[in-house]
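The values are calculated or read from the model by the stated rules, or taken from the named source; none is laboratory data. Predicted, not measured: the structure shown is a model, and the values here were computed from it. When we count neighbours, we look across all protein chains shown, and the Cβ atoms used for this are built from the backbone with ideal geometry, even at glycine. Keep in mind that these areas ignore ligands, DNA and RNA; they rest on the heavy atoms of the full protein, side chains included. Shrake-Rupley method; radii C 1.70, N 1.55, O 1.52, S 1.80 Å.
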Amino acid sequence: MPQTVTLQREQTTDVYHHLGERLKETSPDTCGIMFLYSSANPPQLEERVREILQHGSGLNYEVLKDAQTRTLAILLPGLTLDAAHYQALLLKQQLQETVKDADPRITLTVFPGQVEPTPGVLKQMAESTKLSTSSDIHIFTKEEAAEEAGRILIVDNDATVREFLQIRLKMQGYETLAAHDGTSALELIEKWEPDLVLTELNLYGIDGLPFIHQIQQLPVDNTPKIVVLTEQRVEQTISQCFKHGVDDYVTKPFSPVELDARIHRCFH
């Protein structure tokens, strides 16, 4: 079951990783991006969107679908925010006229701009589009991106600890995955790109400072912050962890409230 969950998570994030890579390819040129959701979600919606965009005069575009949120992501390379907004208005009008009960919801922004095109931000845009109750086209801002709680990978060989931390962190809005050893953790970091790794030092396989070093050497766009949560209380170990770039160090047994505050400080 854990492997199934991991595979499902990876598949849903692939769309946003692809979008992030495409947006980087267009840099430093501007690139509009809009997310579109329709509660009716007719089978022909995606096809109709492509037809409308195809008939736009000289319009360059790319359409991707996220099956989980049932949103369409539409890349518009070379468009400014005003131009992307105009295309969104045209698309919305034509969908309302040609697709029964379409009632489209649209969120858009432009990169480079107010927010960074990370997979987390892009997924946040998709989810906010699906949850929108307004038919007005919404411009996504940096203030909204700052509200993203973030992704945390929990690494501990104790299943009880992993389960407790996942439940607590999910209640605070964080997206979480868990790994039981250092090797599987490194694989998940490279594929999932968490914002923070909450890890024990005593792990199977690779552990301790070598594990910390391996995290920092991974070929990811943004190296995750690292918070150590461990039974090791040796002063020299604590000192070495901070010298190797660890953001915080918490010893077990720990206060959940204190750990919450430490993690919050790492994100803000």
Check your understanding: Among the residues of region 95-117, is any among the acidic types (D, E), under 24 Å from V15 (Cβ atoms) and under 16 Å from the mean Cα position of the chain (by Cα)?
Key -> yes
Check your understanding: Does region 91-111 hold any residues that are farther than 11 Å from L36 by Cα and loosely packed, with under 15 Cβ neighbours inside 10 Å, and which are they?
Key -> Q93, Q96, E97, T98, K100, D101
Review point. Any residue in region 158-179 that is touching a residue at least 12 places away in the same chain (Cβ under 8 Å), touching a helix residue (DSSP H, G or I) at 6+ places or on another chain (Cβ under 7 Å), within 26 Å of Q124 (Cβ to Cβ) and of a type in the set (G, A, S)?
Key: yes
Check your understanding: Given (1) at positive phi; (2) modelled with pLDDT of 75 or more; (3) not aromatic (F, W, Y), where does N41 come up short, assuming only one miss?
Key -> (2)
Practice item. State which residue is farthest from G113 (Cα to Cα) when the search covers only region 57-99 and only residues that are of a type in the set (A, V, I, L, M, F, W, C) and in a helix (DSSP H, G or I). Key: L95
Practice item. Pull up region 244-268, narrow it to residues that are at pLDDT 95 or above and charged (D, E, K, R), then point me to the one that is nearest to the chain's Cα centre (by Cα). Key: D247
Practice item. For region 42-65, name all the residues that are over 17 Å from V99 (Cα atoms) and either open to solvent by less than 70 Å² (accessible area, probe 1.4 Å) or among the basic types (K, R) (or both). Key: G56, L59, Y61, E62, V63, L64, K65
Practice item. Could you list, in sequence order, all residues of region 105-123 that are assigned to a helix (DSSP H, G or I), touching a helix residue (DSSP H, G or I) at 6+ places or on another chain (Cβ under 7 Å) and either at pLDDT below 85 or not assigned by the TED database to the domain that holds G20 (or both)? Key: P119, V121, K123
Practice item. Can you work out which of the residues in region 16-41 that are open to solvent by 20 Å² or more (accessible area, probe 1.4 Å) and not in a helix (DSSP H, G or I) is nearest to S128 (Cα to Cα)? Key: Y37
Point to revise | region 229-246 - residue that is in contact (Cβ under 8 Å) with a residue 24 or more places away in the chain and in a loop (DSSP other than H, G, I, E, B) and, of those, least open to solvent (accessible area, probe 1.4 Å) | key: V246
Point to revise | Single residue of region 136-157 satisfying the filter (assigned to a loop (DSSP other than H, G, I, E, B) and under 19 Å from the mean Cα position of the chain (by Cα)) that is surrounded by the fewest Cβ atoms within 10 Å (Cβ to Cβ) | key: E147
Practice item. Please state which one of T133, T160 is out of contact with any Phe, Trp or Tyr (no Cβ under 8 Å at 6 or more places or on another chain), open to solvent by 70 Å² or more (accessible area, probe 1.4 Å) and closer than 22 Å to V257 by Cα. Key: T160
Study note, to complete from the structure: In region 167-205, anything surrounded by 17 or more Cβ atoms within 10 Å (Cβ to Cβ), assigned to a loop (DSSP other than H, G, I, E, B) and either modelled with pLDDT under 90 or within 16 Å of the chain's Cα centre (by Cα) (or both) is listed as Y174, E193, P194, D195
